[in-house]
Amino acid sequence: MTALPSGRNRVRIIAGKWRSRIVKFPAAAALRPTPDRVRETLFNWLGQRLDDLACLDLFAGSGALGFEALSRGASRVVMVERDRGVAAGLRASAKALDAAGLEVVEGEALAWLDGARERFDIAFLDPPYASDLAARALAKLPPRLNPGARVYVESAEPLPPSAAWRTLREDRAGAVRYALLEPA
């Protein structure tokens, strides 16, 4: 991993019980936290409170989306992260926040989906942009979703149309494209 310049390996929680708290994560070139402006828009789309919802942060990275969900009342968040050092950073942040209801899984996201049995109300998909992981994860995700579930997807390019998903909202901020989907 290549280190990022100093000061970039932190994100601020926007709202909820941990409002304005800083979450630190290891310096790694592959980590690209969802910008504050995009997270604000996402949680406006979802509703400010996520009380008693179960959330999946499938390519957790910095954990910005999962920690924001917990801060806003989610009862459970599962963060899946393949990088051992980044997963350790997520656990350290969880400990610093005294985050109840959080499980950090160190492993490959698609393999985890294959073996998972739990169902979720919201799933966050923010995989590496230069990959086909978003489309592959979307193909495996429906059995892990509760009725009425929403899925947030972040990417560099628009997702190809799919008969399996309906786009509820979408937007762009700089190089970041993001959308809120539901199963069709």
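How much solvent-accessible surface does W45 expose, in Å² to the nearest 10, with a 1.4 Å probe and all protein chains in place?
50
If you count only protein heavy atoms and use a 1.4 Å probe, how large is the accessible surface of D51, to the nearest 10 Å²?
80
Provide the solvent-accessible area of L125, counting protein heavy atoms only and rolling a 1.4 Å probe, rounded to the nearest 10 Å².
Ignoring ligands and nucleic acids, L125 comes out at about 0 Å².
For S75 paired with R136, estimate the spin-label separation in nm (one decimal), with each label point 7 Å from Cα along the Cα-to-Cβ line.
It works out to 3.3 nm between the two label points.
Just reorder T41, T34, T167 by solvent-accessible area, largest first, 1.4 Å probe, all chains present. Walk me through the intermediate numbers first.
On the way: T41 35, T34 5, T167 70 Å².
Largest accessible area first, the residues go T167, T41, T34.
Let's test the formula: R0 of 35 Å, r as the Cβ-Cβ distance of R19 and T167. What FRET efficiency results, to the nearest 0.05? Could the numbers behind the result be given before it?
Numbers: r = 30 Å, r/R0 = 0.85.
After rounding, the FRET efficiency stands at 0.75.
So if I average 1/r over every pair of distinct C-alpha atoms in segment 103-179 and take the inverse, what Kirkwood radius in Å does that give?
Details: mean 1/r = 0.0751 Å⁻¹.
Taking the inverse mean of 1/r over all distinct Cα pairs, segment 103-179 comes out at 13.3 Å.
Give me the lysines in straight-line cross-link reach of K95: C-alpha distance below 29 Å, same-chain residues under 8 apart excluded.
Leaving aside lysines fewer than 8 places away in the same chain, those within reach of K95 are K17, K24.
Per-residue counts of other Cβ atoms within 10 Å, averaged by peptide: what ranking do you get for 52-58, 151-157, 64-70, 106-112, highest first?
Working: 52-58: 24.6, 151-157: 19.1, 64-70: 28.9, 106-112: 16.1.
For the peptides 52-58, 151-157, 64-70, 106-112, the packing ranking is 64-70, 52-58, 151-157, 106-112.
Which whole-number percent gives the relative contact order of the chain, counting Cα pairs below 8 Å spaced six or more residues apart? Let's see the in-between values first.
Values: 358 pairs, mean separation 30.7, N = 184.
That works out to 17 percent.
Nothing charged except the Cβ atoms of Lys and Arg (+1) and of Asp and Glu (-1): what's the magnitude of the dipole of the chain about its Cα centre? Round to the nearest 20 debye. Please report the intermediate quantities before stating the final value.
Details: 27 positive and 22 negative charges, 95 e Å.
Dipole about the Cα centre, nearest 20: 460 debye.
Rounded to two decimals, what ratio of Rg to Rh does the chain give with C-alpha atoms and a Kirkwood Rh? Write out the running numbers ahead of the final one.
Numbers: Rg = 15.0 Å, Rh = 16.2 Å.
Using only Cα positions, Rg/Rh for the chain is 0.92.
The values are calculated or read from the model by the stated rules, or taken from the named source; none is laboratory data. Since the structure is predicted, the reported quantities are computational estimates derived from the model, not experimental observations. A quick note on method: Cβ atoms are made from the backbone with ideal geometry, for glycine too, and the neighbour counts reach across all protein chains shown. All accessible areas refer to the heavy atoms of the entire protein, side chains included, with ligands and DNA or RNA removed. Shrake-Rupley method; radii C 1.70, N 1.55, O 1.52, S 1.80 Å.
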